[in-house]
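A.B. asks: Here's a structure for you.
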Amino acid sequence: MKRILAVLLLAALGAAAWAWWELDQPYRGFEQPVTIEFPKGTSTMRMGAQLAQQGVVRWGWQFALLRLLRPRARLQAGEYLFKEAASAREVFDRIERGDVFFYELLVPEGSNIFEIARIVDQMGLIKAEQFLEAARDTAPIQNLAPKARSLEGYLFPSTYRLTRHTTAAQLTRMMVEQFRNVWGQLRTQADPHQTVTLASLVEKETAVGSERAQVASVYVNRLKKGMKLDCDPTTIYAALLENRYRGTIFQSDLDSRHPYNTYRNPGLPPGPIANPGLASLKAALHPAETDYLYFVAVAGANGKHQFSESFAQHQRAVSQYRRGTGQTKQTKATGKAPRRGKTRRR
């Protein structure tokens, strides 16, 4: 009898040692990456069964054993992506840490709400119309910018981590919160709405970092003199708001009485036309000290511009631009000539 008990004891010890050893052995029972979602309230046994079924761990009981060994561990709900071989203990640790799978949303500087809506729609997480509806709700920004007509300008361009359950409202709140953090770091008493509106014009007018403060100075100088801003991107934005933008600026767009069209309306537009980055916000807060009133693209200069103080200087710069691009049609006397491939009907 004692011999039988001894044999059983040795067998039990051997099985325990093997089970313990097995917990640390890498395993990969799948060929393609596996995504598994654990809703809130999923039991340890259920997690183990799902992981074993998908080939992430060899046996479901391994999770039950790890739970017995670590009764205080809190396994977190969420979506998990498994690509490499891992031991049951490593998988358990990941779920305890809440190392869930996130989708990365990259919002480039200068994106407007329509462009962001397209990006999130293409990701397959949030419908474009859902995002646009959330972006029209100004509640998240009311105490900072009560005149805001939408969240345009306050959806800070950055990289955001989303899950498949992230809602449009949650996303816009994340983006507004990031804007608030950046705005607070600027430590300014300037009016947020005017600053962001000017910064959005700067952001849309030039991608050359060294020019941002100069572009801002042109608009500030024009505002001081009571000149219309004649800003192409505002005309485009007006057309976008009315769902009539056709990929280029037409005379009918320039003639539009829409409040955002700065060819017909003096002063800044009613609100931002895009979501500016930090550099453009700084340029709007600290424009260069110049007497510039005009700027035009320099042909073949990778987006750089020629700035002018007088109309005569500007006309010469426009002529150089026309010759450099092979254009012969005379441009209208505005703050700049057509750029980035844009054409106009006169």
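A.B. asks: Suppose the filter is more than 23 Å from E115 (Cα to Cα) and not in a loop (DSSP other than H, G, I, E, B); does K224 pass it?
C.D. replies: Spelling it out, K224 is indeed more than 23 Å from E115 (Cα to Cα) and not in a loop (DSSP other than H, G, I, E, B).
A.B. asks: Okay, moving on. Against the definition (of a type outside the set (D, E) and either in contact with a Gly (Cβ under 8 Å, 6 or more places away or on another chain) or touching a residue at least 60 places away in the same chain (Cβ under 8 Å) (or both)), how does A73 come out, yes or no?
C.D. replies: It is false that A73 is of a type outside the set (D, E) and either in contact with a Gly (Cβ under 8 Å, 6 or more places away or on another chain) or touching a residue at least 60 places away in the same chain (Cβ under 8 Å) (or both).
A.B. asks: When the stretch 81-133 is examined, which residues are found to be crowded, with 16+ Cβ neighbours inside 10 Å and in a strand (DSSP E or B)?
C.D. replies: F82, A86, L105, listed by residue number.
A.B. asks: Can I ask one more? For the stretch 145-163, which residues satisfy the criterion of being of a type outside the set (S, T, Y), surrounded by 14 or more Cβ atoms within 10 Å (Cβ to Cβ) and in contact with a strand residue (DSSP E or B) (Cβ under 8 Å, 6 or more places away or on another chain)?
C.D. replies: L162
A.B. asks: Among the listed residues N261, N221, which satisfies the condition of being at pLDDT 95 or above and either among the acidic types (D, E) or crowded, with 21+ Cβ neighbours inside 10 Å (or both)?
C.D. replies: N261
A.B. asks: What's the total number of residues in the stretch 165-200 that are basic (K, R) and surrounded by 15 or more Cβ atoms within 10 Å (Cβ to Cβ)?
C.D. replies: 2
A.B. asks: Sort through R94, R67, R72 and tell me the only one that's closer than 20 Å to T44 by Cβ and in contact with a Ser or Thr (Cβ under 6 Å, 6 or more places away or on another chain).
C.D. replies: Checking each option against the conditions leaves just R67.
A.B. asks: For the stretch 25-47, which residues satisfy the criterion of being hydrophobic (A, V, I, L, M, F, W, C) and touching a Ser or Thr at 6+ places or on another chain (Cβ under 6 Å)?
C.D. replies: Once the filter is applied, which keeps residues that are hydrophobic (A, V, I, L, M, F, W, C) and touching a Ser or Thr at 6+ places or on another chain (Cβ under 6 Å), the stretch 25-47 yields nothing.
A.B. asks: Any residue in the stretch 155-173 that is in a helix (DSSP H, G or I) sitting within a Cβ distance under 6 Å of a residue that is surrounded by 18 or more Cβ atoms within 10 Å (Cβ to Cβ) and aromatic (F, W, Y)? List the pairs, counting only those 6 or more apart or interchain.
C.D. replies: Once the first residue is in a helix (DSSP H, G or I) and sits in the stretch 155-173, its partners that are surrounded by 18 or more Cβ atoms within 10 Å (Cβ to Cβ) and aromatic (F, W, Y) give A168/F131.
A.B. asks: Out of Y237, Y219, which single residue is aromatic (F, W, Y), in contact with a Gly (Cβ under 9 Å, 6 or more places away or on another chain) and assigned to a helix (DSSP H, G or I)?
C.D. replies: Step by step, each of Y237, Y219 is checked, and only Y219 is aromatic (F, W, Y), in contact with a Gly (Cβ under 9 Å, 6 or more places away or on another chain) and assigned to a helix (DSSP H, G or I).
A.B. asks: Something else now. Please specify each residue of the stretch 242-258 satisfying the condition of being of a type in the set (S, T, N, Q) and surrounded by fewer than 16 Cβ atoms within 10 Å (Cβ to Cβ).
C.D. replies: N243, T248, Q251, S252, listed by residue number.
A.B. asks: Against the condition out of contact with any Ser or Thr (no Cβ under 7 Å at 6 or more places or on another chain), over 25 Å from G303 (Cα atoms) and not assigned by TED's automatic domain parsing to the domain that holds H305, how does Q178 come out, does it pass?
C.D. replies: Here the answer is no, as Q178 does not meet what is asked.
The values are calculated or read from the model by the stated rules, or taken from the named source; none is laboratory data. The shown structure was predicted, so the numbers you read here are calculated from the model rather than taken from an experiment. Cβ sites come from the backbone with ideal geometry, for glycine too, and all protein chains shown count toward neighbours.
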